[in-house]
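Written out below as structure tokens is the structure these notes cover.
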Amino acid sequence: MAGEHSARLALPMMHAGQAQKEITHNESLTLLDMLVQAVAESADAHVPPVSPVAGRCWIVDAGATGAWAGKDGMIAGWTEGGWRFAAPVAGMRCWVADRGHAMRHDGSAWVDEDARGDGYYSGGQRVVAARQAAIPGPAGGSVIDAESRTAIGAILTALRSHGLVES
């Protein structure tokens, strides 16, 4: 029946004259609690945890078994009433605790975000690494080229003034 669930997140809708509206309302709140500012313990589990804690979520990995069978790619949340599942939508983001970075749903699968703690990635390849130790100013050597040292010093000063290189 049209109007049973919201169009984007499939939240249960209440209807005029519906008995026990609090059940539908509470189900919607439970799903919102899982999805707003989503945090998953892992995106690599395909077996439900033995003793989950209420409020914890997982992104169900491919080949799921047990209570997660047939729920690949969905967000699984443990509640006082058991497992709840939510289908992701394109653009949805979720912090994944055991990866230490966010993932986003591209409309067909969960993918790692490009910005991560160890650098920035493009096409799965790290293109910018984590910040390295400070670059010292030019010094030493048997041949001193004052013009080169001045140019290198100016470049380092400009980079430091923009916070791109440490002093």
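The values are calculated or read from the model by the stated rules, or taken from the named source; none is laboratory data. Values in this document were obtained by computation on a predicted structure and should not be read as measured data. Virtual Cβ from ideal backbone geometry, glycine too; neighbours counted across all protein chains shown. When the accessible area is computed, the model is the full protein with side chains, heavy atoms only, and any ligands, DNA or RNA have been set aside. Shrake-Rupley method; radii C 1.70, N 1.55, O 1.52, S 1.80 Å.
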Residues in segment 8-51 that are more than 15 Å from the chain's Cα centre (by Cα), within 18 Å of ARG99 (Cβ to Cβ) and open to solvent by less than 50 Å² (accessible area, probe 1.4 Å) total 2
Cβ pairs under 7 Å, 6+ apart or interchain, first in segment 107-120 and farther than 22 Å from ALA62 by Cβ and at pLDDT 85 or above, second among the polar types (S, T, N, Q) and in a strand (DSSP E or B), ordered by first then second residue, are ASP114/SER122
Per the filter on segment 136-166, residues under 32 Å from the mean Cα position of the chain (by Cα) and farther than 30 Å from ARG104 by Cβ are LEU159, ARG160, SER161, VAL165, GLU166
Requiring at least 1 residues that are over 19 Å from GLY107 (Cα atoms) and among the basic types (Lys, Arg), the strands (runs of 3 or more DSSP E) wholly within segment 45-91 are 82-86
**Message:** Against the definition (surrounded by fewer than 18 Cβ atoms within 10 Å (Cβ to Cβ), under 30 Å from ARG131 (Cα atoms) and not polar (S, T, N, Q)), how does ASP61 come out, yes or no?
**Reply:** no
Subset of segment 93-104, residues open to solvent by 20 Å² or more (accessible area, probe 1.4 Å) and in contact (Cβ under 8 Å) with a residue 24 or more places away in the chain, comes to ARG93, TRP95, ALA97, ASP98, ARG99
Can we say THR24 is in contact with a strand residue (DSSP E or B) (Cβ under 7 Å, 6 or more places away or on another chain), assigned to a helix (DSSP H, G or I), at pLDDT 75 or above and not small (Gly, Ala, Ser)?
no
Sole miss for GLY117 among (1) under 11 Å from the mean Cα position of the chain (by Cα); (2) within 29 Å of VAL165 (Cα to Cα) is condition (1)
Quick count over segment 117-149, residues being surrounded by 11 or more Cβ atoms within 10 Å (Cβ to Cβ) and hydroxyl-bearing (Ser, Thr, Tyr), is 3
So is ALA54 free of Cβ contacts under 8 Å to residues at least 60 places away in the same chain, loosely packed, with under 13 Cβ neighbours inside 10 Å and more than 30 Å from ALA129 (Cβ to Cβ) or not? yes
Result of the Cβ filter at 7 Å on segment 19-38, keeping first residues that are closer than 12 Å to THR79 by Cα and of a type outside the set (A, V, I, L, M, F, W, C) and partners that are modelled with pLDDT of 75 or more and surrounded by 12 or more Cβ atoms within 10 Å (Cβ to Cβ), at least 6 apart or interchain, is THR30/THR79; THR30/ARG84
